Amino acid sequence: MLKTLRISNYAIINEVEIGFSADLNIITGETGAGKSILLGALSLITGERADSKVLFNKEKKCVVEAVFDIKNYHLESFFSAENIDHETETIIRRELTDNGKSRAFINDTPVTLNVLQQLADKLITIHSQHETLALGESRFQLTVIDALANTEKNLSEYKNDFYKWKEISKQLAEAETAAAKAITEKDFIEFQFNELENAQLDNINQPELENELQQLTHAEEIKKNIFSSVELLETAPGNIIDNLRSVILQLQSVLNYSSDLQQYPERLRTTSIELKDITRDLSAKADTISADPKRAEEINQILSIVFRLQKKHNLKTTEELVVLRDALNEKLFAFNSSEETIEKLKKEKRKLFVTLCIKAKKISDKRISVFASFEKQVQKLLDDVGMKDAAFIIQHTFDTEKYLTETGADIIQFLFSANKGSVPQDIKKVASGGELSRLMLSIKSLIAKSTALPTLIFDEIDTGVSGSVANKVGNILHQLSAQHQVIAITHLAQIASKGTHHLYVYKSSSASSTNTHIKLLNKEERLTEIATMLSGEKPSQSAIHTAKELLAV
């Protein structure tokens, strides 16, 4: 429960410390005194976004600190998971500076706003006039039913599968879009690949083929020149080999007269041997050379294909064409893999959808199981707060094809009518502000019985009610306080009289500023405040008498 709230430098609050009891706490005060400002400060503890404009004094930081008694809340695992010291008296503090920077602490450990919100959700809930409007929203209505039906565990399991299903659906959509976009590209790449593949590039040595073609094209000329060369070397009159032999003989004949000539005959003999080998090789080569028009045509066709492909793809060698062909083949493989991926995703999506439908039906059944009891209890509470002719029913639709969301496949709508004979309709269309407030209080009281939420705060739940109805609203708040700590801000004496801890908010003014204060009323002060709420600033004797009756003193 909330034990203490300390507020420093917030709006028109300079310094204030408020203590709370474990049951029904009442907060009253004149309009504009700062009651709602208290809730604004408390909202910082629940993790709401901060605005530096709320600083009372721009030279100081704003500090809001709340002390909670959590010894019976079993929150050890939360504190352990967040690496925060667990204390039976836990202190939540929020600090705000003029530059807009905000810091949050739990037991003096710095935490993020997300962690702060998670803890605050386990400690406190604030019901304001804004939340009354949420009563007409389908999501809020579904939350109410889930609290009563205890679907938290089922929903948690369902949501895990739902988010997987959504992610797979997203992946499938992206894969199908990419595949559709790639159809034309695939056909073109497949055409290019087949063209390169059919060219049998792996078996082509372009330089060798070009050389062979040159040889075939000039076969007669090559053969003629080889024969001429052989003749000059070996058979023609005065051929090179015979002349070389004569040179060797000439030099040998004078070796006895000039010893420095000794090396040349030997070198010439080596050259003569080499020339004979060359002559034999040329003769053999000449025998292999012949014009072959058929082979030349065959090579021309192969090179023509290669040249065309090189020009088409702006490449220079056969090796580069092979690299291109292999790259295109990889792309085609990727296309085929994409089709396999799409089929796999479709299968997984169908499987998850079936699982979701089964789990959604189980959740829906749990929800439906509380409808009748909930309608009956709301009807009774509406009667208790002076709306005996009101009607309240739940309209429900279940459709996994149309409504499958993270909360299941149920569409729930609360229908309401305040008058006998009127057909219940959407709450947003037919309920007045006062009717909404009483309906919300009835629903909140039922939810509170089904949850372990310790502190409930009601900001002007009495909107639009008065007289005996206000007394009945007060009774419901008093009954709630038997199980939960309740803090109620009210303008009505009938509700204020039900509290066991009465806090009074008031303002004081000086020449330079206005300041909000709060104090705990004693019995006499409380009697005066209740009487004032009944009849005005100077309460009459009858108002005082009525106040005594309300307070049973």
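The values are calculated or read from the model by the stated rules, or taken from the named source; none is laboratory data. Keep in mind it's a predicted model, so treat the numbers as computed, not measured. Heads up, the Cβs are rebuilt from the backbone with ideal geometry, glycines too, and the neighbour counts pull from every protein chain shown.
Report, by residue number, each residue of the stretch 299-320 that is part of a helix (DSSP H, G or I) and either loosely packed, with under 13 Cβ neighbours inside 10 Å or not assigned by TED's automatic domain parsing to the domain that holds residue 201 (or both). Walk me through it before giving the result.
Residues of the stretch 299-320 that are part of a helix (DSSP H, G or I), as a first pass: 299-313, 318-320.
The answer is 301, 304, 307, 308, 311, 312, 319.
Please enumerate the residues belonging to the stretch 374-386 that are without any contact (Cβ under 8 Å) to a residue 60 or more places away in the chain and either within 14 Å of residue 149 (Cβ to Cβ) or surrounded by 15 or more Cβ atoms within 10 Å (Cβ to Cβ) (or both). Give the steps one after another, and end with the answer.
Keep residues of the stretch 374-386 that are without any contact (Cβ under 8 Å) to a residue 60 or more places away in the chain, which gives 375-376, 379-380, 383.
Across the stretch 374-386, the qualifying residues are 375, 379.
When you check residue 358 against the structure, is it touching a residue at least 40 places away in the same chain (Cβ under 8 Å), among the β-branched types (Val, Ile, Thr) and assigned to a helix (DSSP H, G or I), yes or no? Spell out the reasoning first.
Values: touching a residue at least 40 places away in the same chain (Cβ under 8 Å): no; among the β-branched types (Val, Ile, Thr): yes; assigned to a helix (DSSP H, G or I): yes.
In short, no.
Tell me yes or no: at least one residue of the stretch 448-467 is hydrophobic (A, V, I, L, M, F, W, C), in a helix (DSSP H, G or I), at pLDDT below 85 and under 35 Å from the mean Cα position of the chain (by Cα).
The answer is yes, given that some residue of the stretch 448-467 is hydrophobic (A, V, I, L, M, F, W, C), in a helix (DSSP H, G or I), at pLDDT below 85 and under 35 Å from the mean Cα position of the chain (by Cα).
Let's see how each residue does on (1) surrounded by 16 or more Cβ atoms within 10 Å (Cβ to Cβ); (2) over 27 Å from residue 484 (Cβ atoms); (3) of a type in the set (S, T, N, Q):
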| position | (1), (2), (3) |
| --- | --- |
| 14 | yes, yes, yes |
| 18 | yes, no, no |
| 23 | yes, no, no |
| 40 | yes, no, no |
| 56 | yes, yes, no |
| 61 | yes, yes, no |
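Could you run through the stretch 497-553 and say how many residues are part of a loop (DSSP other than H, G, I, E, B) and of a type outside the set (Gly, Ala, Ser)?
We begin by selecting, within the stretch 497-553, every residue part of a loop (DSSP other than H, G, I, E, B); these are 497-500, 510-513, 521-522, 536-540, 552-553.
Those left that are additionally of a type outside the set (Gly, Ala, Ser): 498, 500, 521-522, 537-539, 553.
Final tally of qualifying residues: 8.
For residues that are aliphatic (A, V, I, L, M) and either farther than 28 Å from residue 528 by Cα or within 36 Å of the chain's Cα centre (by Cα) (or both), scanning just the stretch 25-38, find the one that is surrounded by the most Cβ atoms within 10 Å (Cβ to Cβ). Outline the logic, then answer.
The initial filter retains those residues of the stretch 25-38 that are aliphatic (A, V, I, L, M), namely 26-27, 33, 37-38.
Subset that is either farther than 28 Å from residue 528 by Cα or within 36 Å of the chain's Cα centre (by Cα) (or both): 37-38.
On the way: 37: 19, 38: 27.
Per the stated criteria, the residue is 38.
Can you name the residue in the stretch 42-54 that is within 21 Å of residue 114 (Cβ to Cβ) and not polar (S, T, N, Q) and, of all such residues, is surrounded by the most Cβ atoms within 10 Å (Cβ to Cβ)?
Here the answer is 44.
Is it true that some residue in the stretch 321-328 is in a loop (DSSP other than H, G, I, E, B), touching a residue at least 60 places away in the same chain (Cβ under 8 Å) and surrounded by 15 or more Cβ atoms within 10 Å (Cβ to Cβ)? Show your work before the answer.
If we filter the stretch 321-328 for residues that are in a loop (DSSP other than H, G, I, E, B), which is where we start, we get none.
No, the stretch 321-328 contains no residue that is in a loop (DSSP other than H, G, I, E, B), touching a residue at least 60 places away in the same chain (Cβ under 8 Å) and surrounded by 15 or more Cβ atoms within 10 Å (Cβ to Cβ).
When only residues in the stretch 249-266 that are part of a loop (DSSP other than H, G, I, E, B) and among the aliphatic types (A, V, I, L, M) count, which is surrounded by the most Cβ atoms within 10 Å (Cβ to Cβ)? Let's see the steps before the verdict.
Filtering the stretch 249-266 for residues part of a loop (DSSP other than H, G, I, E, B) gives 253-258, 262.
Subsequent filtering for residues that are among the aliphatic types (A, V, I, L, M) retains 254-255.
Details: 254: 9, 255: 13.
The extreme case among them is 255.
From the set of residues in the stretch 169-198 that are modelled with pLDDT under 80 and of a type in the set (D, E, K, R), which is nearest to residue 322 (Cα to Cα)?
Our first condition is that a residue be modelled with pLDDT under 80; within the stretch 169-198, this holds for 178-190, 193.
This time we only want the ones that are of a type in the set (D, E, K, R), so: 181, 185-187, 190.
Working: 181: 27, 185: 20, 186: 19, 187: 20, 190: 15 Å.
Result: 190.
Please find, among 269, 280, the residue that is touching a helix residue (DSSP H, G or I) at 6+ places or on another chain (Cβ under 7 Å) and assigned to a helix (DSSP H, G or I). Show your work before the answer.
Numbers: 280 fails: touching a helix residue (DSSP H, G or I) at 6+ places or on another chain (Cβ under 7 Å).
The unique qualifying residue is 269.
Give me the residue from the stretch 513-527 that is surrounded by fewer than 16 Cβ atoms within 10 Å (Cβ to Cβ) and not aliphatic (A, V, I, L, M) and, out of that set, farthest from the chain's Cα centre (by Cα). Working first, answer last.
The first filter runs over the stretch 513-527 and keeps only residues surrounded by fewer than 16 Cβ atoms within 10 Å (Cβ to Cβ), leaving 513-514, 519-520, 522-525.
The next check asks that each one be not aliphatic (A, V, I, L, M); those that pass are 513-514, 519, 522-525.
Numbers: 513: 47, 514: 46, 519: 46, 522: 53, 523: 55, 524: 57, 525: 54 Å.
Among those residues, the one meeting the criterion is 524.
Each row is one residue, and each column tells you yes or no for (1) among the hydroxyl-bearing types (Ser, Thr, Tyr); (2) within 25 Å of residue 39 (Cα to Cα); (3) surrounded by 15 or more Cβ atoms within 10 Å (Cβ to Cβ).
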| position | (1), (2), (3) |
| --- | --- |
| 88 | yes, yes, no |
| 97 | yes, yes, yes |
| 100 | no, yes, no |
| 112 | yes, yes, no |
| 123 | no, yes, yes |
| 144 | no, yes, yes |
| 149 | no, no, yes |
| 157 | no, no, no |
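Which ranges mark the strands (runs of 3 or more DSSP E) fully within the stretch 50-117 that have 3 or more residues being at pLDDT 85 or above and charged (D, E, K, R)?
Working: elements: 62-69, 89-96, 102-106, 109-111.
Here the list reads 89-96.
Filter the stretch 407-447 down to residues that are under 34 Å from the mean Cα position of the chain (by Cα) and over 29 Å from residue 157 (Cβ atoms), then give me how many there are.
Within the stretch 407-447, residues that are under 34 Å from the mean Cα position of the chain (by Cα) and over 29 Å from residue 157 (Cβ atoms) number 4.
Considering every residue within the stretch 115-125, establish whether at least one is in the same structural domain as residue 38 (by TED's automatic domain parsing), over 30 Å from residue 438 (Cα atoms) and out of contact with any helix residue (DSSP H, G or I) (no Cβ under 7 Å at 6 or more places or on another chain).
Yes, some residue in the stretch 115-125 is in the same structural domain as residue 38 (by TED's automatic domain parsing), over 30 Å from residue 438 (Cα atoms) and out of contact with any helix residue (DSSP H, G or I) (no Cβ under 7 Å at 6 or more places or on another chain).
Just wondering, is there one or more residues in the stretch 330-343 that are over 30 Å from residue 170 (Cα atoms), loosely packed, with under 15 Cβ neighbours inside 10 Å, acidic (Asp, Glu) and modelled with pLDDT of 80 or more?
Going through the stretch 330-343, the residues over 30 Å from residue 170 (Cα atoms) turn out to be none.
No, the stretch 330-343 contains no residue that is over 30 Å from residue 170 (Cα atoms), loosely packed, with under 15 Cβ neighbours inside 10 Å, acidic (Asp, Glu) and modelled with pLDDT of 80 or more.
I need the full set of residues from the stretch 160-213 which are β-branched (Val, Ile, Thr) and surrounded by 12 or more Cβ atoms within 10 Å (Cβ to Cβ), in order please.
168, 189, 204
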